[in-house]
Amino acid sequence: MRRTHSADPSTAAHTKSLGRSDWHTIKTLLPYLWQYKWRVGVALLCLVAAKLANVGVPVLLKHIVDRLSTTPVLAAASIPLAFIVGYGLLRVSTSVFTELREFLFARVTQSAVHTIALKTFRHLHALNMRFHLNRRTGGVTREIDHGMRGISSLISFTLYSILPTLVEISLVLGYLMLHYEIWFSVIVVCSLCAYILFTVSVTNWRTRFRRQVNELDARAAARATDSLLNFETVKYFNNEEYEARRYDDTLKQQETTAVRVQQSLNLLNSGQQVLIGIGVTLILWRAAVGVHNGSMTLGDLVLVNAFMIQLYIPLNFLGVIYREIKQSLADMERMFKLLNEHQEIQDAPGAQPLQLRGAEVQFAHVDFSYESNRQILFDVSFTIPPGHTVAVVGPSGSGKSTLSRLLFRFYDVQNGSIAIDGQDIRQVTQASLRAAIGIVPQDTVLFNDTIFYNIAYGRPDATADEVIAAARVAHIHDFIHTLPQGYDTVVGERGLKLSGGEKQRVAIARTVLKNPTILVFDEATSALDSKTEQAIQAELLHIARGRTTLMIAHRLSTIASADRILVLEHGRIVEQGTHAELLARGGLYAQSWAIQQREKQQVKSSADELIR
């Protein structure tokens, strides 16, 4: 025991820290509940009424027992009818007021859960790309889910368990102090304090085991999920047994810790029952002495015994309630932390909607870095005139895709500026900026919904005819008609039921439906085979006609027709001009073109050889 005690200071400090955090979490929640203050007030009145009725039951029972004990002959007939009716009414009133309290408070709870969850969801979408690249999606959604459940649990346990018990303890103690000797109140207070202290101490001790079980459970689930998601990889490397052993190691640890959780629960329950037994015994002893010396009646003995039983029944669950409240507060705290996450990219005060006059895009002396110790772009300057196409090429890691992210204002530049029609994009609203730009990305990610839904996502209020028209422009309408469910075909997780070319066409249709003034093609065909690439490239050039377009590419053949080509290397523009001008210059672009043409010729020769 002494060794355990010596480790307590850090634990105590941790608990104290948690306590401060818990109160802060509760204070954050209160304004959401106070929106329905009249419901809260009436619900609390119902709570007090229910407990007054509950305390009144033993008091009335005392009078009935006293009447029976003083007039044993024809005792039932000698009991006033009002006592019998009153006893029944008090019993019914307890239930009615309890249900009415929950009826009134249900909307308060659900409204708070709804408001906070929606606010958190909106806030997450408002956070910058940096946060979303660093986050684990499953962890964030789990925190929202647990936070919502935590709010419901906290309100439920506080309003329906803790607060009613405190009200009842206060009423019982008040009655005992007014009508009986001080020892009854002393025994009740001491036994309750001992009970609560023991329960809280053991529950805090058990919490580390519970936390270990939760962590191991999450680890086991993560390993199982990761293994099953990578089912093909496991098969490729014949590692089924290896995966089973890893999973089994976690399950063994989980089993050992779960046994400790159960054994510590048995210790908690046993200790609680011992303390309850001592308290009830002492109360009965004092009541028996009172009956013996004539200062108390049999009804009084029944009354104090009933009081003790009524108090201990809800306290039997104190350990569970205390642990659940602490867990609920921790879950809520994590969700509120998401709400407090700094929104790095925000609309400037007084920001106005973007006013488009021709959609000229201008990068002026742009410097940018994702991390302070690694700069990505250095003094990048270029202009895309209205209706023109500018292509950006360069090796991987040169900063090409960063340009599109900056144009969408997923990040802000450190130096320089980006302007559209002379308006700095930091000074216009993000909504109007992104409404003006459409993108066909390299990796098209679709929602696990229908093809129709995914195309209509470009403009959710579009009609069915407009969606079909966009699909025709993207040359995917005929393919969709060959599917058994047509436009109602579900594309699967991340669109995996469709091929790369089919997904790209859905992305093109979605962008066509959005009908943006500015287009960005971010290596939109790099993952496709040559035949599919040529077909989709023709579609991209068709929809880019007359729009201000930024094309980011690795394969130079896809951007040869661009009005201007920028060559990016290590974050700097090292060459620029038309395709013919850059070839004539014989620089980096010409070298890359020659290499890619040789590779293309080798692939063609190999294909011809196979055919022969």
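The values are calculated or read from the model by the stated rules, or taken from the named source; none is laboratory data. Computed from a predicted model, the values in this text were never measured in an experiment. Ideal geometry is used to build each Cβ from the backbone, glycine not excepted, and the neighbour counts take in all protein chains shown. Remember, those area values only see protein heavy atoms, side chains included, never the ligands or the DNA or RNA. Shrake-Rupley method; radii C 1.70, N 1.55, O 1.52, S 1.80 Å.
Looking at ARG505, ARG472, ARG459, can you tell me which residue is of a type outside the set (Phe, Trp, Tyr), open to solvent by 70 Å² or more (accessible area, probe 1.4 Å), assigned to a helix (DSSP H, G or I) and over 30 Å from GLU581 (Cβ atoms)?
It is ARG472.
Quick one: in segment 512-533, of everything that is modelled with pLDDT under 90 and crowded, with 23+ Cβ neighbours inside 10 Å, which residue is farthest from the chain's Cα centre (by Cα)?
Looking at the filtered set, the residue picked out is THR525.
Checking THR115 against (1) modelled with pLDDT of 75 or more; (2) over 17 Å from the mean Cα position of the chain (by Cα); (3) open to solvent by 30 Å² or more (accessible area, probe 1.4 Å), which test does it fail?
(2)
Considering each residue of segment 563-605, count those that are touching a residue at least 60 places away in the same chain (Cβ under 8 Å), open to solvent by less than 10 Å² (accessible area, probe 1.4 Å) and within 25 Å of ILE536 (Cβ to Cβ), and give that number.
Residues meeting the conditions: 5.
Condition first: open to solvent by 60 Å² or more (accessible area, probe 1.4 Å) and touching a Ser or Thr at 6+ places or on another chain (Cβ under 9 Å). Now tell me which residues in segment 165-190 satisfy that.
MET177, GLU181
Pairs, please: C-beta under 8 Å, at least 6 apart or cross-chain, first residue of a type in the set (S, T, N, Q) and in segment 341-359, second surrounded by 11 or more Cβ atoms within 10 Å (Cβ to Cβ) and assigned to a loop (DSSP other than H, G, I, E, B)?
From segment 341-359, the pairs are GLN343/LEU127; GLN343/ASN128; GLN352/THR429; GLN355/ASP421.
Applying the selection to segment 90-103, what residues are over 15 Å from PRO58 (Cβ atoms) and either surrounded by 15 or more Cβ atoms within 10 Å (Cβ to Cβ) or aliphatic (A, V, I, L, M) (or both)?
VAL92, VAL96, PHE97, THR98, LEU100, ARG101, GLU102 - these are the residues of segment 90-103 that are over 15 Å from PRO58 (Cβ atoms) and either surrounded by 15 or more Cβ atoms within 10 Å (Cβ to Cβ) or aliphatic (A, V, I, L, M) (or both).
Are any residues in segment 45-67 in contact with a Leu (Cβ under 8 Å, 6 or more places away or on another chain) and open to solvent by 60 Å² or more (accessible area, probe 1.4 Å), and if so, which ones?
LEU52
Can you tell me which of ILE276, ILE313 is over 30 Å from ASP217 (Cβ atoms), modelled with pLDDT under 85, surrounded by fewer than 18 Cβ atoms within 10 Å (Cβ to Cβ) and under 50 Å from the mean Cα position of the chain (by Cα)?
None of the other options fit; the residue is ILE313.
Could you please give the count of residues in segment 370-410 that are closer than 23 Å to GLN591 by Cβ and in a loop (DSSP other than H, G, I, E, B)?
6
For segment 351-369, name all the residues that are surrounded by fewer than 15 Cβ atoms within 10 Å (Cβ to Cβ) and either assigned to a strand (DSSP E or B) or not polar (S, T, N, Q) (or both).
Passing the criteria: GLN352, PRO353, ARG357, GLY358, HIS365.
Please go through segment 195-254 and pick out each residue that is open to solvent by 100 Å² or more (accessible area, probe 1.4 Å) and outside any helix (DSSP H, G or I).
PHE237, ASN238 - these are the residues of segment 195-254 that are open to solvent by 100 Å² or more (accessible area, probe 1.4 Å) and outside any helix (DSSP H, G or I).
Is one or more of the residues making up segment 482-493 part of a helix (DSSP H, G or I), in contact (Cβ under 8 Å) with a residue 40 or more places away in the chain, more than 30 Å from ARG374 (Cα to Cα) and out of contact with any strand residue (DSSP E or B) (no Cβ under 9 Å at 6 or more places or on another chain)?
Within segment 482-493, one or more residues are part of a helix (DSSP H, G or I), in contact (Cβ under 8 Å) with a residue 40 or more places away in the chain, more than 30 Å from ARG374 (Cα to Cα) and out of contact with any strand residue (DSSP E or B) (no Cβ under 9 Å at 6 or more places or on another chain).
For segment 338-350, give me the residue count where each residue is farther than 19 Å from GLN414 by Cβ, modelled with pLDDT of 80 or more and surrounded by 13 or more Cβ atoms within 10 Å (Cβ to Cβ).
Of the residues in that region, 1 qualify.
What tally of residues in segment 489-507 results from selecting those that are at pLDDT 85 or above, of a type in the set (A, V, I, L, M, F, W, C) and more than 28 Å from the chain's Cα centre (by Cα)?
1
Has segment 284-291 got any residue that is open to solvent by less than 20 Å² (accessible area, probe 1.4 Å), in a helix (DSSP H, G or I), at pLDDT 80 or above and under 26 Å from GLN272 (Cα atoms)?
Among the residues of segment 284-291, at least one is open to solvent by less than 20 Å² (accessible area, probe 1.4 Å), in a helix (DSSP H, G or I), at pLDDT 80 or above and under 26 Å from GLN272 (Cα atoms), which makes the answer yes.
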